[in-house]
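This report refers to the structure that appears directly beneath it.
The values are calculated or read from the model by the stated rules, or taken from the named source; none is laboratory data. It should be emphasised that the depicted structure is a prediction, and the values quoted were computed from it without experimental measurement. Every residue, glycine among them, receives a Cβ derived from its backbone with ideal geometry; neighbour counts consider all protein chains shown. Areas reflect the complete protein model, heavy atoms only, side chains present, ligands, DNA and RNA absent. Shrake-Rupley method; radii C 1.70, N 1.55, O 1.52, S 1.80 Å.
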Amino acid sequence: LRWGSIFYCCVFLCLCLLPVARNQYERMGSDVTMQCGSLDNDASVSWKVNGTDVRAQHRLEGPRLILTEVNLGHNGLYSCFQNPHGERRDTIFLHIGISPREPTVTCRSNTYPKGFYCSWHQLYATYIPTTFEVDVQHNQRSLEVQKDSVHKNRCHVRFPEVFSSFPYKVNVTAVNALGKASTMISFEESSIVKPDPPERVTATPIRLNPRRLEVSWHSPATWPDIDNFPLKYFLRYRPLIRDQWQHVELSDSTSHTITDAYAGKEYIIQVAAKDTEIGTWSDWSVAVHATPWIEDPLPITSTTEGDFPTGRL
Ligand SMILES: *[C@@H]1O[C@H](CO)[C@@H](O)[C@H](O)[C@H]1NC(C)=O
Ligand SMILES: *[C@@H]1O[C@H](CO)[C@@H](O)[C@H](O)[C@H]1NC(C)=O
């Protein structure tokens, strides 16, 4: 026998002899009964929470501890000890929470015609672990649902076919120890198509043209098949000093020359994209700033030293 194995045997034995804490989940606002192991009704026990006496309002009924109208402050590790010798008989992790409500669910395809994703969130905290089950149906068939590797509350689904007229039905169920609640949404393929915004937008002045700006951009990299599923674009621009946007819609072109810019004014420019046939416009791209070409300004004549401006302070 090696010392190592003796050591591990001891640790293992010790862990086994410790009473294992069990979890008890209870609804916020309810009255909670904790039962000390399987002791009889006439057993006499004392309770501790987190190692100290229970200070919250409570009742003792034989081996039972009753807490009234529990809230998050009652969370803790409760232990009971049998009188008169004080052997520990049970350990309970009390978790106060609420049952889930119907989650909010949205689905979107930014990779048409490959697939779509759905995301969901809870409007209210439940305070205890809550998981989600997702079921996607199309034409009486259950589709494979893939969890997103980054976003916790998101999943991906491949379109089983394109140009399908059958609706997709997505059912998301929030589940925790206190209950469950589902939301079902139904939609057609064409209504959830929304590309990501165009990328790498640039705006450059054109030499000797004080009213022009050349704007160009790239289609979103996530859009998988730009040749067979072309996008159209929407450009908006305004001088920084104004609130009113000017708009231009462009089919199938990834550049545009603004010809009516105010000379010398800085402009802010954004572009959005949409499938030419279906779906909705993307969000706006990141804003770019540009100022049309201006003639080299005349050198500023310097003021004489000591000649401070007066009357402006
Ligand atoms: C017990 O300890 C936990 C963790 O530190 C704490 O959140 C909880 O409020 C404590 N419970 C009570 C009743 O003191
Ligand atoms: C959604 O899924 C849950 C859990 O599987 C199920 O109980 C519920 O009936 C489903 N709702 C609909 C509308 O199909």
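Structure data summary
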quantity: The chain: most fluctuating residue of I96, I206, I185 per GNM, C-alpha cutoff 10 Å; calculated: I206
quantity: Carbon + sulfur, % of accessible area of the chain - ligands and nucleic acids excluded, 1.4 Å; calculated: 52
quantity: Inter-label distance, nm, simple model (7 Å from Cα along the C-beta direction), D225/E161; calculated: 1.5
quantity: Separation in nanometres of the label points that stand 7 Å from Cα toward Cβ, at H289 and R236; calculated: 1.9
quantity: Candidates C80, C118, C107, ranked by Gaussian network fluctuation over the chain, Cα under 10 Å, top entry; calculated: C80
quantity: For the chain, built as a Gaussian network whose Cα springs stay under 10 Å, the top-fluctuating residue of V162, V20, V134; calculated: V20
quantity: Fraction of alpha-carbon pairs over 18 Å apart in region 104-191 - percent; calculated: 42
quantity: Charged-residue dipole, Cβ positions (Lys, Arg, Asp, Glu), the chain about Cα centre, Debye nearest 20; calculated: 580
quantity: Measure of compaction for region 22-97 (Cα Rg per 2.2 N^0.38 Å); calculated: 1.01
quantity: Semi-axes of the equivalent ellipsoid for region 199-290, Cα gyration tensor, largest first, Å; calculated: 25, 13, 11
quantity: Helix 3-17 axis, angle to the chain major axis (alpha carbon atoms, nearest 10°); calculated: 80
quantity: Whole-Å semi-axes of the ellipsoid equivalent to the chain (Cα gyration tensor, √5λ, descending); calculated: 64, 32, 20
quantity: Difference of contour (0.36 nm per residue) and Cα-Cα distance, N23 to E277; calculated: 86.0 nm
quantity: Two-site FRET efficiency, S182 against N139, from Cβ-Cβ distance with R₀ of 25 Å, rounded to 0.05; calculated: 0.75
quantity: ³J(HN,Hα) computed for each position of region 90-101 - Karplus, 6.51 cos²θ - 1.76 cosθ + 1.60, integer Hz, glycine/proline x; calculated: 6, 9, 10, 8, 8, 10, 9, x, 10, 6, x, 9
quantity: Pairwise Lys count, the chain - Cα closer than 17 Å, eight or more residues apart or different chains; calculated: 6
